[in-house]
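The structure appears below as structure tokens.
The values are calculated or read from the model by the stated rules, or taken from the named source; none is laboratory data. Just so we're clear, the structure is a prediction, and the values are computed from it rather than from any experiment. Using ideal geometry, Cβ is built from the backbone for each residue, glycine included, and neighbour counts are taken over all protein chains shown. All accessible areas refer to the heavy atoms of the entire protein, side chains included, with ligands and DNA or RNA removed. Shrake-Rupley method; radii C 1.70, N 1.55, O 1.52, S 1.80 Å.
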Amino acid sequence: MKHLLKLQDLNKEEIIDILNLADQLKYENHNGIEHHLLKGKTLGMIFQKSSTRTRVSFETGMYQLGGQALFLSNRDLQIGRGEPVQDTARVLSRYLDGIMIRTFEQKEVEALAEYGSIPIINGLTDYCHPCQVLADLMTIREYKKSFEGLKFCFIGDGNNMANSLIVGAITMGMECAIACPEDYKPDPELIKWASENGKFTCSPNIYECAKDADILYTDVWASMGQEEEKAEREKVFKNYQINDKVVAFAKSDVIVLHCLPAHREEEITAKVFEAHANEIFDESENRLHAQKAVLVKLLQD
């Protein structure tokens, strides 16, 4: 494991290894056991998209691991003024021990890895969100104890989250169902891969997908950068909401997850959100622990 560019780069055993370490780090954190495994290490955090959870969890994680994190926005870097990514990668590789980048295009993350000489972590692109899904898998295992025999259902836009969730669910052996409108499907190559490697459904029928699900998952209808599409998307996705009726189709012990921020009464009702708030905020906390595990795997000597 040299980088974390997308979840497809990891096999099942590597994901389990990360989750096991994340569990250990979470236990130690909750019990006041220091683990300065990255003492003297510095992580550069490049943000071309704003964030709450990504910035705070990575910055806090590096602190708890004994290292430090540097916040770098477009205003702080020459990359925001036209310097090529390959030059930025080679310069920062001389100063830092690793880079986390949250940006728009996946090719920018790939270029940093190609031209740099230090580990690169994808903190989110328009194509995928591997760090979030590692936290999601950690949460599912906490609540369900195992991935075996589970059905995972995502409801909403076939966006970067859907892309990574498909990979995570199928890789871990879960059945995966994606409920989305016909014109808003996930990446076609990932749909093909999932169909060839596991039990997979992609359908506009929300109730068919939610039937007997162990996990229901949703995300906002309009992601960052899609603000101009918000009104149109509200019309398209108005029936793609996790509500009491949808939950009734799932198993009685279903857990509901959301990567946040949540828009109550759009993709999820306030009632369902609050009924499953413990799961959702455990999931959010697990960003910290899962990302710390990734940092240790990549940056520890």
Which whole-number percent gives the relative contact order of region 132-284, counting Cα pairs below 8 Å spaced six or more residues apart?
25
Summed over the other residues with a beta carbon less than 14 angstrom from that of residue 285, with K and R at +1 and D and E at -1, the charge totals -2
Note to self: with every protein chain in place and a 1.4 Å probe, the chain gives an accessible area per residue in Å² of 44
Eigenvalues of the Cα gyration tensor times 5, then square-rooted: what semi-axes does that give for region 197-240, in whole angstrom, largest first?
25, 12, 10
For a test of the definition: using alpha carbon positions, the gyration tensor, and the 1.5 limit on a/c, classify region 25-164 as rounded, prolate or oblate.
oblate
Given the options 275, 113, 162, state which has the largest fluctuation in a GNM of the chain using a 10 Å cut-off (strictly under) for Cα springs.
275
Leaving ligands, DNA and RNA out of it, report the carbon-plus-sulfur percent of the accessible area of the chain at a 1.4 Å probe.
47
Which of 143, 184 is most accessible, then next, and so on - probe 1.4 Å
143, 184
Counting every C-alpha pair in the chain, the percent lying more than 25 Å apart is 47
Which of 90, 53, 233, 75 is most accessible, then next, and so on - probe 1.4 Å:
75, 90, 53, 233
Might you work out the accessible area of residue 76 for me, using a 1.4 Å probe with all protein chains in place, and round it to the nearest 10 Å²?
90
So the angle from the long Cα axis of helix 130-144 to the longest Cα principal axis of the chain, reported in degrees to the nearest 10, equals 50
Over the heavy atoms of residue 176, what accessible area does a 1.4 Å probe trace out, to the nearest 10 Å²?
0
Quick check: net charge around residue 162, other residues with Cβ under 9 Å of its Cβ, Lys/Arg +1 and Asp/Glu -1?
-2
For the chain: relative contact order, % (alpha-carbon pairs under 8 angstrom, 6 or more apart):
20
Whole-Å distance linking the alpha carbon centroid of region 220-264 with that of region 44-76 is 28
To the nearest 500 deg cm²/dmol, what mean residue ellipticity at 222 nm is calculated for the chain from DSSP H runs of n ≥ 4 alone, each contributing -39,500 (n - 2.57), summed and divided by the residues?
-14000 deg cm²/dmol
Which value results when the Cα radius of gyration for region 132-284 is divided by 2.2 N^0.38 Å?
0.94
When every protein chain stays in place and a 1.4 Å probe is rolled, 285, 28, 13 sorted by accessible area with the largest first are 13, 285, 28
